[in-house]
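Structure, as structure tokens:
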């Protein structure tokens with residue numbers, strides 16, 4: 001398998017590589033650059049991705065030499081976390097790195113601003129550095145990847161055709177760097193998970209979980225319960241808030257069980273009228289009632305030898321509960337209009353987002369049915385308990401939404417991802433899916449090359465509440481979150497490390513929250 005796409009062939013004609021400089025040529029350049037960035041964004045491994053990215057900017061600018069590095073997240077001094085070089089010898093790489101502490105790269109990392117100089121040898125900011133003199137550096141372009149603080153840099157030295165880097169080269173490389181940052185964040189996190197920080201790793205080796213997104217400790221707890229459940233034929237009760245993915249986990253249990261070769265039949269009980277529930281479940285014979293002009297086998301028969309998932313079990317009427325109880329106790333049922341029982345070889349999984357014991361106490365649910373259902377119980381966590389999963393869920397849902405539209409996936413911007421991670425999702429994954437689906441519709445309408453924060457949260461620009469409009473729950477929680485962060489920074493006189501410690505969050509996450517809430521303290 002190749003590490004990447006042929007960059008040169010896909011970039012033939014970029015500024016500095018032969019593109020016409022008239023208006024049509026520039027438009028074609030921008031179009032092809034955006035398409036290439038979208039291709040880059042689909043990479044799943046960090047090293048090939050970085051090689052592709054560096055090759056991209058070298059081709060765009062016609063640079064003689066290139067260097068890309070990523071900073072350590074944990075403040076390891078003196079060494080970048082990742083570095084890739086193009087047309088640089090080991091000694092030359094060492095010279096480039098020597099500028100990290102007090103030269104060109106240091107200036108970019110410290111300020112978050114691009115450094116572009118016609119000649120480093122003649123630039124008073126850098127010409128006193130021995131490494132600059134030894135390398136006889138002329139034109140240099142150094143662009144930050146990410147901001148506040150920068151994640152790393154793209155460093156280019158010299159041009160094959162001579163001369164300096166033009167403003168169009170700088171604009172293109174800055175555009176590439178902006179698109180690199182969110183993908184780099186995603187791949188770095190994936191790399192850490194692959195290195196052993198993934199609590200679900202061993203469970204994923206045991207179970208078929210290819211379509212289940214989530215590597216948080218909360219999901220690891222779910223998978224551990226699933227691993228136990230698949231080894232038995234016992235009834236399973238899935239609990240948790242609405243929108244947490246009970247149907248998906250029910251399907252996982254089925255697909256990992258001995259019944260996987262047979263059908264998985266799922267039914268949302270609340271969607272079936274009470275009077276028709278047992279008819280749909282057990283079926284009926286021709287002539288059993290007016291309009292029954294044929295036999296109907298029912299959902300239990302459809303799931304024979306397989307799994308029947310009954311979601312929203314709490315919405316079943318008392319008559320329906322009695323029928324279910326008989327099915328679970330005797331493993332047989334009576335289709336309407338038939339006097340002989342039918343044996344059922346099925347596994348039942350039930351789902352509920354309400355407290356069934358509380359429903360029993362209110363007389364709304366049968367205690368004996370709850371005893372039959374509550375054999376193996378798995379609680380699904382709310383999205384707020386799965387903070388580290390939100391970004392990956394959002395990216396996957398976004399890609400799926402674009403595919404539904406018949407279009408190549410376009411990424412969520414870094415700002416959009418930060419806002420999504422900082423938001424509250426009382427409707428859990430279902431609400432997130434709905435919101436991102438709408439965001440893709442907005443982005444498609446605008447022909448945007450990525451899904452921006454304004455697409456995901458269009459109401460965020462509507463201003464403060466008025467007598468005619470009160471804050472939504474999500475807006476109120478968002479405002480509260482910003483206030484807590486501001487107060488922590490005020491208490492610590494802008495010391496971000498101390499503020500993060502007091503809030504018991506990672507410093508990188510504090511930076512993200514500051515970006516989301518546009519907080520700029522007086523000192524770092």
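We did not get these values from a lab; they are worked out from the coordinates using the rules stated. Nothing here was measured: the structure is a model prediction, and the numbers come from that model. Heads up, the Cβs are rebuilt from the backbone with ideal geometry, glycines too, and the neighbour counts pull from every protein chain shown.
Rg/Rh for segment 233-381 stands at 0.96; both radii use Cα atoms, and Rh follows the Kirkwood definition. Spin-label pair residue 368-residue 442: with each label point 7 Å from Cα along the Cα-Cβ axis, the two points sit 5.4 nm from one another.
Plainly put, segment 384-461 has a radius of gyration that is 0.93 times its Kirkwood radius, both from alpha-carbon atoms, as the Rg/Rh ratio. As a length-normalised measure over Cα pairs under 8 Å and 6 or more apart, the relative contact order of segment 233-381 settles at 37 percent.
Take 59-65, 406-412 and order them by the average number of nearby Cβ atoms within 10 Å per residue, most first; the result is 59-65, 406-412. Model label points for residue 340 and residue 233, set 7 angstrom from Cα along the Cα-to-Cβ axis, are 2.2 nm apart. Given R0 = 22 Å, the distance between the Cβ atoms of residue 480 and residue 358 translates into a calculated FRET efficiency of 0.15.
Relative to the current alpha-carbon distance between residue 295 and residue 136, full extension at 0.36 nm per residue lengthens the span by 48.4 nm. The protection proxy used here, the mean number of other Cβ atoms lying within 10 Å of each residue, ranks peptides 243-250, 138-145 as follows, highest first: 138-145, 243-250. Peptides 253-261, 388-396, 357-365 ranked from most to least packed, by the mean per-residue count of other Cβ atoms within 10 Å: 388-396, 253-261, 357-365.
Spin-label pair residue 111-residue 504: with each label point 7 Å from Cα along the Cα-Cβ axis, the two points sit 4.1 nm from one another.
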